[in-house]
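Heads up: the structure comes next, in structure tokens.
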Amino acid sequence: MENDADSALWAPVEITPAAAGAEASARGLVEYLGSLPDLGSLLTREKALVFRGFGVEPAGLDEVMDLLLPHRLAYVHGNSPRTKVGANVYTSTEYPAEYAISMHNEMSYAHQWPARLLFFCETAPLSGGATPVIDGTRWLSCLDPEVRAAFRDGVRYTQNLHGGLGLGKSWQSTFETEDRAHVEAFLGESGATWQWSPDGGLRVSQVRPAIVRHPVTGDEVWFNQADQWHPAALGDDTAAALAAIMPAEELPQSVSFADGSPIPDAYAIQVRDRGLANAVDVDWHAGDLLLIDNVLVGHGRRPFTGPRRVLVAMSD
């Protein structure tokens, strides 16, 4: 296993008004971004960028986002609880503050995933609450060869989405529609299989890669959310409680290898723990922004106290 003593951790590049030669304001950031010859190449090279000290406020966010995210996407088929607060702008994951969220690439379980993610800190937490980020090549290399080999053929994600009342998310919330035909058209294009249940719920199954190559750099990276969909990675108490309520195939979300065989608990826990252990924390101050390449970089969340509010948007 690669560890901190073996090589220096990659970290996002921090851009401040002084470093950019710009005014410490949203307008200054807009002018700086407009002066860049190729933001895409910069992001691909550095993998993640932190814009700090520009004092961006919600009222000035749209103009900044228009430059950082040329084509904002809706969070359709997303499995995380969020609130939509603007034009394809959402709250970050609304899991309880006392829990860490393990590393992942946004919507890596879907047939199409965003190329870029942008986080904006509207309200900083009193303590904790960093967004850890990890270089996907490092995450892949820090796993045991046995684990990497086991995931080479991909994974199968299964969702049980209720029709308005039940555990987890509803299909209406997941697909941002009440129209079954619209959902079926979306799933038909995705290569997923699905089945409506008599109680109005929806079961979706889809095989996706676990390791991919970046389309520009060719870097091979760990790219899946198997540990987040695996009961073992939720912790012993939570996993035991869920097992007592229902079998794994009936959980709101579950995962197996692509051929349907079970993923060993130890594999899921290793992926979760080594991802978090090899991540670099981005601490938040109000007005900060973090832009990441969603294939090259995984992200998560540290526990926190206080009224943390971080918004997220994404683009292709």
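Quick grid of which residues meet (1) closer than 16 Å to S108 by Cβ; (2) modelled with pLDDT under 95; (3) small (G, A, S):
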| site | (1), (2), (3) |
| --- | --- |
| T137 | yes, no, no |
| D144 | no, no, no |
| D153 | yes, no, no |
| G164 | no, yes, yes |
| S170 | no, yes, yes |
| F175 | no, yes, no |
| D199 | no, yes, no |
| I211 | yes, no, no |
| A233 | yes, yes, yes |
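Would you mind stating whether L42 is surrounded by fewer than 19 Cβ atoms within 10 Å (Cβ to Cβ), over 30 Å from D179 (Cα atoms), modelled with pLDDT of 95 or more and aliphatic (A, V, I, L, M)? Please lay out each step first, then the result.
Working: surrounded by fewer than 19 Cβ atoms within 10 Å (Cβ to Cβ): yes; over 30 Å from D179 (Cα atoms): yes; modelled with pLDDT of 95 or more: yes; aliphatic (A, V, I, L, M): yes.
In short, yes.
Residue by residue through region 290-310, note down the ones that are over 18 Å from S127 (Cα atoms) and in a strand (DSSP E or B).
Looking only at region 290-310, we keep the residues that are over 18 Å from S127 (Cα atoms), and these are 290-299.
Once the filter is applied, which keeps residues that are over 18 Å from S127 (Cα atoms) and in a strand (DSSP E or B), region 290-310 yields L290, L291, I292, D293, V297, G298, H299.
Out of the strands (runs of 3 or more DSSP E) lying entirely within region 138-219, which hold 1 or more residues that are over 17 Å from S254 (Cα atoms) and under 20 Å from the mean Cα position of the chain (by Cα)?
Working: elements: 155-161, 193-196, 202-208, 211-213.
Qualifying strands (runs of 3 or more DSSP E): 211-213.
Yes/no per residue for (1) crowded, with 20+ Cβ neighbours inside 10 Å; (2) of a type outside the set (F, W, Y); (3) under 20 Å from F54 (Cβ atoms); (4) in contact with a Cys (Cβ under 9 Å, 6 or more places away or on another chain):
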position: R274; (1), (2), (3), (4): yes, yes, no, yes
position: A277; (1), (2), (3), (4): no, yes, no, yes
position: L289; (1), (2), (3), (4): yes, yes, yes, yes
position: V295; (1), (2), (3), (4): yes, yes, no, no
position: H299; (1), (2), (3), (4): yes, yes, no, no
position: P307; (1), (2), (3), (4): no, yes, no, no
position: V312; (1), (2), (3), (4): yes, yes, yes, no
For A268, only one of the following conditions fails: (1) closer than 24 Å to L234 by Cβ; (2) within 18 Å of the chain's Cα centre (by Cα); (3) in a loop (DSSP other than H, G, I, E, B). What is its number? (3)
Considering region 79-103 alone, what residues qualify as being among the β-branched types (V, I, T) and modelled with pLDDT under 70? T83, V85, T93
Which condition number does V76 fail, the rest of (1) part of a strand (DSSP E or B); (2) over 18 Å from R308 (Cβ atoms); (3) modelled with pLDDT under 90 being met? (1)
If P145 satisfies all but one of (1) closer than 23 Å to V295 by Cα; (2) touching a residue at least 24 places away in the same chain (Cβ under 8 Å); (3) outside the structural domain of L69 (by TED's automatic domain parsing), what's the number of the condition it fails? (2)
What are the pairs with Cβ atoms under 9 angstrom where one residue, in region 112-125, is touching a residue at least 40 places away in the same chain (Cβ under 8 Å) and of a type in the set (K, R) and the other, located anywhere, is assigned to a loop (DSSP other than H, G, I, E, B) and surrounded by 20 or more Cβ atoms within 10 Å (Cβ to Cβ)? Sequence gap at least six, or different chains. R116/L69; R116/N294
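The values are calculated or read from the model by the stated rules, or taken from the named source; none is laboratory data. These numbers come from a predicted model, not from an experiment. Cβ coordinates were reconstructed from backbone atoms using ideal geometry, including for glycine residues, and neighbour counts include every protein chain displayed.
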